[in-house]
1. Looking at the stretch 321-340 only, could you name the residues that are surrounded by 24 or more Cβ atoms within 10 Å (Cβ to Cβ) and closer than 16 Å to P296 by Cβ?
2. Please find, among T212, T162, the residue that is at pLDDT below 85, surrounded by fewer than 14 Cβ atoms within 10 Å (Cβ to Cβ) and not assigned by TED's automatic domain parsing to the domain that holds M36.
3. I'm checking my understanding of the structure. Among residues of the stretch 119-138 that are under 23 Å from F107 (Cα atoms) and not aliphatic (A, V, I, L, M), which one is modelled with the lowest pLDDT?
4. V122 fails exactly one of the following numbered conditions: (1) of a type in the set (A, V, I, L, M); (2) part of a helix (DSSP H, G or I); (3) in contact with a strand residue (DSSP E or B) (Cβ under 8 Å, 6 or more places away or on another chain). What is the number of that condition?
5. Given the conditions (1) out of contact with any helix residue (DSSP H, G or I) (no Cβ under 8 Å at 6 or more places or on another chain); (2) closer than 15 Å to S57 by Cα; (3) of a type in the set (A, V, I, L, M); (4) buried (at least 16 other Cβ atoms within 10 Å of the Cβ), report the number of the one that V81 does not fulfil.
6. Give L29, L33, L21 a once-over and let me know the one that is free of Cβ contacts under 8 Å to residues at least 24 places away in the same chain and farther than 30 Å from N128 by Cα.
7. Give the residue, chosen from K112, K15, that is touching a residue at least 24 places away in the same chain (Cβ under 8 Å), part of a helix (DSSP H, G or I), farther than 21 Å from V134 by Cβ and outside the structural domain of V235 (by TED's automatic domain parsing).
8. What's the number of the condition F78 fails, among (1) under 25 Å from W174 (Cβ atoms); (2) not assigned by TED's automatic domain parsing to the domain that holds S126?
Amino acid sequence: MKSFNIHRAYSIARKEVMHILRDPFTLSLALGLPVMLVTFFGYAIDFEVKDINLAVSDRDNGPSSRRLKEIFAASGYFRLVETGQAGPVEMLDSNRASAALFIEPDFSKKIKGGSRVMAQFVLDGSDNSKAAAVMGYLPGIRRAAQIRMAATPPRERLSAETRFLYNPELNSRWFTVPGLAAIIIGLLAILLTALTVAREWENGSMELLLSTPVRPFEIIAGKLAPYGILVLAGVSFVYLVSRLVFGVPFAGSHLLFLAACLLFITAALSQGLLISVLTRQQQVAMQFSMISGLLPSMLLSGFIFPVESMPAFFQYLTMLLPPRWFMAAARGITLKGADLGELAVPFLALGLLSAGMLALAIKKFKTDLE
């Protein structure tokens, strides 16, 4: 049995590089997708809810009620809107306001006299994610109102202060941009690999390759290596943009992050190879790649929805998906500065899944060639 010949694998890789340079679709996908994702998630998507239209029904019009409205406006989250002839409820019904504030009569008089006062805050609950974010703003506004409007600020025996570690300002870009590496690897590596190998089957050129002295494993290595480098370049682009443009900190080890990327790239390339062997058609391979690459990376990796909040079945299902473990490793290294000991479980799972996927793809590829 002939041993692995690196020169033959290099010849296959050089042939693949020439094909990539001549293929505008592959080049535009490899170069354009990272730019599009960074622009979309970095600028367009923001989990912070701001400029909330707040309709106010002020039946007091005293100094304290005006101060309360100023507190809402100064928070940076709310924008006071004039109700005009319509009341706050009508403003909510017509979507001209997302929240309403009702201030009772004699509000200022009761505060001055030290009596208990009430202000009702009504929120549009048709968008539960937006409502949950707005509800998180209210405790801080309530505390500010108690301090600024009370004649004598309330004395508390117990003072509780909340601090957010790793992302003090709760900047959504610090949360989303580092996770884009999983989306780029999970989609680009699978899609490009599946298309290129399926194209060989579809055009009949795979049989020509087999008639040469090149062995199956050398074909695999030569074909996967250029796409692995291309995907790694896309991840490097995301890293540079996150650091230089969005100011996302990097608290961990670059070598550890590179190791996680290489493990995940291996799993994704192997998955693309397996899809191409099973389908042998570019159109079908593209459909399978989009479904198996984009959906797990986007929806089941913890990129947008926390894994802990998913039903038990999906929590167990994500354990079989490399994107879930890569996302945990990438965010842990980037934001928390976690070391290998703290990320032992994600790295072990990622290594086992990558090795298993690679072994399955090679076995299926060799079986189909024999």
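1. Hits for the stretch 321-340 are P322, P323, R324, W325, F326, M327, A329, A330.
2. So the residue among T212, T162 that is at pLDDT below 85, surrounded by fewer than 14 Cβ atoms within 10 Å (Cβ to Cβ) and not assigned by TED's automatic domain parsing to the domain that holds M36 is T162.
3. The qualifying residue modelled with the lowest pLDDT is Y137.
4. The number of the failed condition is (2).
5. Checking V81 against (1) out of contact with any helix residue (DSSP H, G or I) (no Cβ under 8 Å at 6 or more places or on another chain); (2) closer than 15 Å to S57 by Cα; (3) of a type in the set (A, V, I, L, M); (4) buried (at least 16 other Cβ atoms within 10 Å of the Cβ), the one that fails is (1).
6. The conditions single out L21.
7. Details: K15 fails: outside the structural domain of V235 (by TED's automatic domain parsing).
Going through K112, K15 in turn, just one is touching a residue at least 24 places away in the same chain (Cβ under 8 Å), part of a helix (DSSP H, G or I), farther than 21 Å from V134 by Cβ and outside the structural domain of V235 (by TED's automatic domain parsing): K112.
8. Tallying (1) under 25 Å from W174 (Cβ atoms); (2) not assigned by TED's automatic domain parsing to the domain that holds S126, F78 fails exactly one: (2).
The values are calculated or read from the model by the stated rules, or taken from the named source; none is laboratory data. These numbers were taken from a predicted model, which means no experiment stands behind them. Cβ atoms come from the backbone with ideal geometry, glycine included; neighbour counts cover every protein chain shown.
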